[in-house]
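Worksheet for the structure shown next.
The values are calculated or read from the model by the stated rules, or taken from the named source; none is laboratory data. Here the structure is a predicted model, which is why all the values come from computation and not from measurement. Here the Cβ positions follow ideal geometry from the backbone for every residue, glycine too, while neighbour counts run over all protein chains shown.
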Amino acid sequence: MALKATNPTTTKAWKQLQAHFESIASQHLKDVFSSDAERANKLTVQWEDFYVDFSKNRITTETIDLLVALANELDLKGAISKYFEGDVINATEGRAVLHTALRAPKDAAVFVDGENVIPEIYEVKQKIEAFTNSVVSGKHKGFTGKAITDVVNIGIGGSDLGPAMVVDSLQYYKNHLNTHFVSNVDGDHYQEVIKTLNPETTLFVIVSKTFTTQETLSNANSIRAWFLKSLPQEAVSKHFVAVSTNIKSVKAFGIDEANIFPMKDWVGGRFSLWSAVGLSISLALGYKHFESLLEGAHQMDEHFKTTDFNQNIPVISALLTVWYNNFFNAESEAIIPYTQYLNQFATYLQQGIMESNGKSVDRNGNKVNYQTGTIIWGEPGTNSQHAFFQLIHQGTKLIPTDFIGYVESLHGNKDHHNKLMSNYFAQTEALMNGKTEEEVLSELKGQSLSQEEMSKLLPFKVFEGNKPTTSLLIQKLTPKSLGKLIAMYEHKIFVQGIVWNIYSYDQFGVELGKQLAKSILNELTDVSTDANHDASTQNLLAFYKKNC
Ligand code: F6P
């Protein structure tokens with residue numbers, strides 16, 4: 001059954017939220033904390049190894065009630081069932097959205113076109129496990145009889161970002177295999193990677209859901225040509241495997257059927273790391289850790305499916321985005337992990353969130369008359385504090401920020417971890433409280449300045465505060481807790497899409513540029529082509545062709 005398609009701004013709850021917004025928008029977080037001693041407890045959700053404190057947001061318990069009423073009025077519950085049960089909720093592409101089935105237990109049953117997809121999922125998992133074990137143990141030998149030392153994932157977008165982020169985030173758990181990622185069609189990217197590689201000991205994993213992506217096929221072809229300079233054609237089967245839905249094209253590329261790890265079209269690229277797209281994760285970390293990642297995600301799926309909305313981490317998190325985006329007119333959200341391991345996390349979420357919810361036509365095919373989507377950005381703390389935090393603290397934009405921290409560090413250096421986490425705690429406090437004129441003056445008084453000097457400096461040193469943050473405090477970075485965290489953001493994306501009445505699982509917006517690039521490539525390689533461009537593009541092309 002199709003998803004309901006209601007313009008959220010026409011609901012009763014939206015109107016109540018508007019009135020509520022007007023009554024609380026000017027409240028300062030500092031004041032709401034001092035008027036309610038129980039606020040922090042009331043607005044914190046503890047679930048398994050996650051402690052999620054929503055209390056430093058510009059909300060009251062009534063805000064949560066009204067946002068939940070909005071979700072109910074828009075039938076979020078019904079939509080969640082359709083999502084998990086394999087309904088065709090990606091209606092514009094005529095597909096189900098079933099990344100959740102990839103991490104469901106073996107005895108689950110999820111039907112697509114009348115067929116339970118779980119047995120096939122487990123067949124592919126077994127293939128991933130067997131292949132991983134044989135490569136990691138050294139049983140799988142390259143063409144010249146040497147064990148594999150390096151794995152290169154060739155893919156882009158969802159066929160790169162998820163595996164690359166997870167392998168980097170969980171590098172503490174890595175085995176001896178060196179893992180590399182080639183994504184950009186920029187030839188310098190693959191050249192830099194292969195220059196350190198020995199073809200005799202390298203395994204190439206070509207990942208492309210469609211197997212039509214220009215970047216991936218160009219990189220795969222160039223890398224294969226480089227490989228064939230040292231080894232014969234028969235060596236390809238020992239060194240190249242592929243992950244795709246497009247078995248015919250993979251075979252046409254020259255990869256044996258036995259070396260193909262299939263995936264299904266009901267797995268969206270940006271949600272595909274749980275499928276065979278995660279092969280590089282399994283190779284880099286070992287299958288057991290890959291399985292734990294999936295288990296963690298499944299636990300978050302269960303939390304999301306079964307928990308009341310007012311205690312449901314992805315639901316509250318998504319509704320807060322709606323609150324800031326549509327009532328406070330916030331345009332972006334920052335994601336700041338206080339661990340260097342999650343260095344690539346914001347980049348990964350940029351695709352997940354912005355490719356999904358960057359839409360301006362609703363599920364009825366009408367142009368929306370409200371804001372959708374959020375701009376996602378971020379970098380690990382404390383580095384980001386020394387880069388862009390100034391703007392979050394004292395700039396003119398409201399930037400709700402997720403702070404992700406861990407109770408335990410992996411290598412266990414307590415001194416460093418306490419320093420790191422003191423910054424994690426201090427930043428959210430500083431963003432909330434700011435610094436008043438009185439506080440600044442009393443600080444300046446201790447600095448032997450004249451009255452005039454103090455008055456001059458005063459306005460620059462005041463921090464308004466009242467900047468919203470959510471603190472996620474997780475016990476430890478493990479494959480399982482990372483699985484939970486990623487799944488949390490996946491469900492957040494889903495809930496936002498339901499509320500905004502948009503289709504989150506297509507990505508037609510990336511097509512136009514691809515089409516134009518194809519025809520411009522013809523012009524760059526064929527001097528006789530004279531296409532019709534605007535004057536700016538025409539000049540740029542002429543300048544490039546003349547000077548290249
Ligand atoms: O950028 C568009 C996109 O289709 C993404 O959604 C996808 O993750 C990426 O390209 C790569 O696609 P494929 O896995 O088919 O090569």
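When His417 is tested against (1) within 23 Å of the chain's Cα centre (by Cα); (2) away from the ligand (no atom under 16 Å from the Cβ); (3) closer than 26 Å to Gln46 by Cα, just one condition goes unmet, and that condition is (1). Evaluation of Ala69 against the conditions (1) closer than 24 Å to Thr321 by Cα; (2) in a loop (DSSP other than H, G, I, E, B); (3) of a type outside the set (Asp, Glu) shows that the sole unmet condition is (2).
Annotation note: of Thr132, Thr92, the sole residue that is of a type outside the set (Asp, Glu), part of a helix (DSSP H, G or I) and under 25 Å from Phe345 (Cβ atoms) is Thr132.
Checked against (1) crowded, with 20+ Cβ neighbours inside 10 Å; (2) closer than 30 Å to Pro119 by Cα; (3) without any contact (Cβ under 8 Å) to a residue 24 or more places away in the chain, Leu43 passes all but condition (2). Can you tell me which residue in region 437-489 is nearest to Ala330 (Cα to Cα), limited to those that are aromatic (Phe, Trp, Tyr) and part of a helix (DSSP H, G or I)? Step by step, filter region 437-489, then rank; the result is Tyr489. Filtering region 512-548 to residues that are modelled with pLDDT of 90 or more, within 16 Å of the ligand (Cβ to nearest atom) and charged (D, E, K, R) leaves nothing. The criterion of at least 3 residues that are in contact (Cβ under 8 Å) with a residue 12 or more places away in the chain, within 16 Å of the ligand (Cβ to nearest atom) and buried (at least 22 other Cβ atoms within 10 Å of the Cβ) is met by the following strands (runs of 3 or more DSSP E) wholly inside region 191-296: 202-207, 240-244.
Is it the case, given these coordinates, that Ala220 is more than 14 Å from His99 (Cα to Cα) and under 30 Å from the mean Cα position of the chain (by Cα)? Spell out the reasoning first.
Details: more than 14 Å from His99 (Cα to Cα): yes; under 30 Å from the mean Cα position of the chain (by Cα): yes.
So Ala220 passes the test.
Checking Val315 against (1) part of a helix (DSSP H, G or I); (2) more than 25 Å from Asn90 (Cβ to Cβ); (3) aliphatic (A, V, I, L, M), only one condition comes out false. Which one? Here Val315 clears every test but (2). His411 fails exactly one of the following numbered conditions: (1) assigned to a helix (DSSP H, G or I); (2) surrounded by fewer than 20 Cβ atoms within 10 Å (Cβ to Cβ). What is the number of that condition? Here His411 clears every test but (1).
Is one or more of the residues making up region 476-494 among the hydrophobic types (A, V, I, L, M, F, W, C) and without any contact (Cβ under 8 Å) to a residue 40 or more places away in the chain? Explain how you work it out, then say what you get.
Restricting attention to region 476-494, the residues satisfying the condition of being among the hydrophobic types (A, V, I, L, M, F, W, C) are 477, 482, 485-488, 493-494.
Of the ones still in play, those that are also without any contact (Cβ under 8 Å) to a residue 40 or more places away in the chain are none.
Among the residues of region 476-494, not one is among the hydrophobic types (A, V, I, L, M, F, W, C) and without any contact (Cβ under 8 Å) to a residue 40 or more places away in the chain, which makes the answer no.
In the set Asp113, Asp31, Asp107, Asp49, which member is at positive phi and surrounded by fewer than 19 Cβ atoms within 10 Å (Cβ to Cβ)? Residue meeting the stated conditions: Asp113.
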